[in-house]
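Visitor: The structure follows.
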Amino acid sequence: MDYIKSIYTGWIETNDRNIISPKELDIVLPDLGIAIEFNGTYYHSEQFKDRYYHLDKTKDVESFGYRLIHVNEDEWNDKQDIVKSRLKSILGLSDKVYARKCNIREIGFPKEFLEENHIQGAGSPSSINLGLFLQDELIAVMTFSTPKFSKDYDYELVRYCSLLDITVVGGASKLLKYFVNNYKRSIVSYSDKRWSTGNLYKKLGFEYSHTSDPNYKYFKGTTSLSRYQCQKHKLKDRFPDSFDPSLTEKEIML
């Protein structure tokens, strides 16, 4: 709340129970049609909320005509600079750079750039990596790899991000156009409904397929592990002293 007040001077409502009564929204910006939720790790876990609670809340707010942003406690604690940058961009408060002034280069896997600027971090190394440069400064990247979840497409657009506090106007379009012109392959990608409405993908020419089930993480204190790190076949090495093959992934993790 304090951060939003520090960057946004418009109308702010807090603890609103009118938009999706009786549910509460932490922050509402009526002039922009945006609501923001801060989700504490413990009380927003499956011990207290069902798996679809946050998705259903997002849909309820969308039905009202607003957009709901979810900020998770672990992101705020561990990646606060990236969270602040994304909020500034959504509120239209980022500095702007125009892609027409930039040039594209194919680069190696931009691990450091992604760790510093993408909310999901770098992830696994990708096979095709495009960098957008303003003179000699790397200001945005787009990465592609073999799809993890679908064999119907040749490539997955895995990551796109720009430098913190900068919005590259036309950046994603310019990078994707380069890929399409040079590789001429089919592409699938995914948008995070906690942060995105998917409109960028529509502008880029993607067709909507479906809304997948919510993703999840496991937490122990301030340490978190993704669902991919905790696939059952990996747990024997992660917990060699307590692994029981007769249990499910969830039972082992709990």
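Visitor: Which one of these does Leu204 not meet: (1) farther than 30 Å from Asp56 by Cβ; (2) open to solvent by less than 60 Å² (accessible area, probe 1.4 Å)?
Guide: Condition (1) is where Leu204 drops out.
Visitor: Let me ask another. Which of (1) in contact with a Lys or Arg (Cβ under 9 Å, 6 or more places away or on another chain); (2) closer than 20 Å to Glu207 by Cβ; (3) in contact (Cβ under 8 Å) with a residue 60 or more places away in the chain does Tyr155 not meet, given it meets every other one?
Guide: Going through the list (1) in contact with a Lys or Arg (Cβ under 9 Å, 6 or more places away or on another chain); (2) closer than 20 Å to Glu207 by Cβ; (3) in contact (Cβ under 8 Å) with a residue 60 or more places away in the chain, Tyr155 breaks only (3).
Visitor: Which one of these does Asp192 not meet: (1) under 17 Å from the mean Cα position of the chain (by Cα); (2) farther than 23 Å from Phe109 by Cβ; (3) modelled with pLDDT under 95; (4) not hydroxyl-bearing (Ser, Thr, Tyr)?
Guide: For Asp192, the exception is condition (2).
Visitor: Looking for something of a type outside the set (D, E, K, R), farther than 18 Å from Leu87 by Cβ and open to solvent by less than 60 Å² (accessible area, probe 1.4 Å) - is there at least one such residue anywhere in the range 23-39? Please lay out each step first, then the result.
Guide: Kept after step one, since they are of a type outside the set (D, E, K, R), are these residues of the range 23-39: 25, 27-30, 32-36, 38-39.
Imposing the further condition that a residue be farther than 18 Å from Leu87 by Cβ reduces the set to none.
No, the conditions are met nowhere in the range 23-39.
Visitor: If we keep just the residues of the range 158-183 that are more than 24 Å from Asn39 (Cβ to Cβ) and open to solvent by less than 30 Å² (accessible area, probe 1.4 Å), which is farthest from the chain's Cα centre (by Cα)?
Guide: Ranking the qualifying residues of the range 158-183, first place goes to Phe179.
Visitor: Quick one: is Lys59 over 19 Å from Thr167 (Cβ atoms), without any contact (Cβ under 8 Å) to a residue 12 or more places away in the chain and within 19 Å of the chain's Cα centre (by Cα)? Working first, answer last.
Guide: Numbers: over 19 Å from Thr167 (Cβ atoms): yes; without any contact (Cβ under 8 Å) to a residue 12 or more places away in the chain: yes; within 19 Å of the chain's Cα centre (by Cα): yes.
The answer is yes for Lys59.
Visitor: Output the residues belonging to the range 1-22 that are under 18 Å from Asp165 (Cβ atoms) and not in a helix (DSSP H, G or I).
Guide: Once the filter is applied, which keeps residues that are under 18 Å from Asp165 (Cβ atoms) and not in a helix (DSSP H, G or I), the range 1-22 yields Tyr8, Thr9.
Visitor: Restricting attention to the range 184-196, which residues are of a type in the set (Phe, Trp, Tyr) and open to solvent by 60 Å² or more (accessible area, probe 1.4 Å)?
Guide: Filtering the range 184-196 down to residues of a type in the set (Phe, Trp, Tyr) leaves 190, 195.
The one that is of a type in the set (Phe, Trp, Tyr) and open to solvent by 60 Å² or more (accessible area, probe 1.4 Å): Tyr190.
Visitor: Cβ contacts < 8 Å: first residue over 20 Å from Tyr153 (Cβ atoms), restricted to the range 190-202; second residue part of a loop (DSSP other than H, G, I, E, B), any location; separation 6+ or different chain. Result?
Guide: Within 8 Å, the pairs are Lys193/Thr211; Trp195/Ile119; Thr197/Ser191.
Visitor: Additional query: State yes or no: is Ile82 open to solvent by less than 60 Å² (accessible area, probe 1.4 Å), within 21 Å of Thr143 (Cβ to Cβ) and touching a strand residue (DSSP E or B) at 6+ places or on another chain (Cβ under 6 Å)? Steps first, please.
Guide: Values: open to solvent by less than 60 Å² (accessible area, probe 1.4 Å): yes; within 21 Å of Thr143 (Cβ to Cβ): yes; touching a strand residue (DSSP E or B) at 6+ places or on another chain (Cβ under 6 Å): no.
For Ile82, the condition - open to solvent by less than 60 Å² (accessible area, probe 1.4 Å), within 21 Å of Thr143 (Cβ to Cβ) and touching a strand residue (DSSP E or B) at 6+ places or on another chain (Cβ under 6 Å) - is not met.
Visitor: Filter the range 23-57 down to residues that are polar (S, T, N, Q) and not in a loop (DSSP other than H, G, I, E, B), then give me how many there are.
Guide: Of the residues in the range 23-57, the ones polar (S, T, N, Q) are 39, 41, 45, 47.
Checking the rest, the ones that are also not in a loop (DSSP other than H, G, I, E, B) come to 39.
The qualifying residues number 1.
Visitor: Let me ask something else. Filter the range 88-143 down to residues that are closer than 29 Å to Leu29 by Cα, of a type in the set (Ser, Thr, Tyr) and surrounded by 19 or more Cβ atoms within 10 Å (Cβ to Cβ), then give me how many there are. Quick ask: steps written out before the conclusion?
Guide: Initially, the range 88-143 is screened for residues closer than 29 Å to Leu29 by Cα, giving 88-98, 116-121, 140.
Right, trim to of a type in the set (Ser, Thr, Tyr) and you get 89, 94, 98.
Now drop any that are not surrounded by 19 or more Cβ atoms within 10 Å (Cβ to Cβ), which leaves 94.
Going through the range 88-143 one residue at a time, the tally reaches 1.
Visitor: If you go through the range 94-105 one residue at a time, do you hit one that is of a type in the set (D, E, K, R), touching a residue at least 40 places away in the same chain (Cβ under 8 Å) and assigned to a helix (DSSP H, G or I)?
Guide: yes
Visitor: Let me ask you something else. Give the residue that is nearest to the chain's Cα centre (by Cα), with candidates limited to residues of the range 199-254 that are over 27 Å from Arg67 (Cα atoms) and among the aliphatic types (A, V, I, L, M).
Guide: If we take residues in the range 199-254 being over 27 Å from Arg67 (Cα atoms) and among the aliphatic types (A, V, I, L, M), then Leu225 is nearest to the chain's Cα centre (by Cα).
Visitor: Check whether at least one residue in the range 18-30 is in contact with a Gly (Cβ under 7 Å, 6 or more places away or on another chain) and at pLDDT 95 or above, and report yes or no.
Guide: First, pick out the residues of the range 18-30 that are in contact with a Gly (Cβ under 7 Å, 6 or more places away or on another chain): 29.
Add one more test, that the residue is at pLDDT 95 or above, and what stays is 29.
Yes, that holds for at least one residue.
Visitor: Scan the range 169-186 and report the pairs whose first residue is at positive phi and whose second residue is exposed (fewer than 15 other Cβ atoms within 10 Å of the Cβ) and basic (Lys, Arg), with Cβ atoms within less than 8 Å and a gap of 6+ or a chain change.
Guide: Cβ pairs passing all conditions: Gly170/Arg100.
The values are calculated or read from the model by the stated rules, or taken from the named source; none is laboratory data. In this text the structure is predicted, and so the values were computed from the model without any measurement. Every residue, glycine among them, receives a Cβ derived from its backbone with ideal geometry; neighbour counts consider all protein chains shown. SASA here: full protein model, heavy atoms, side chains in, ligands and nucleic acids out. Shrake-Rupley method; radii C 1.70, N 1.55, O 1.52, S 1.80 Å.
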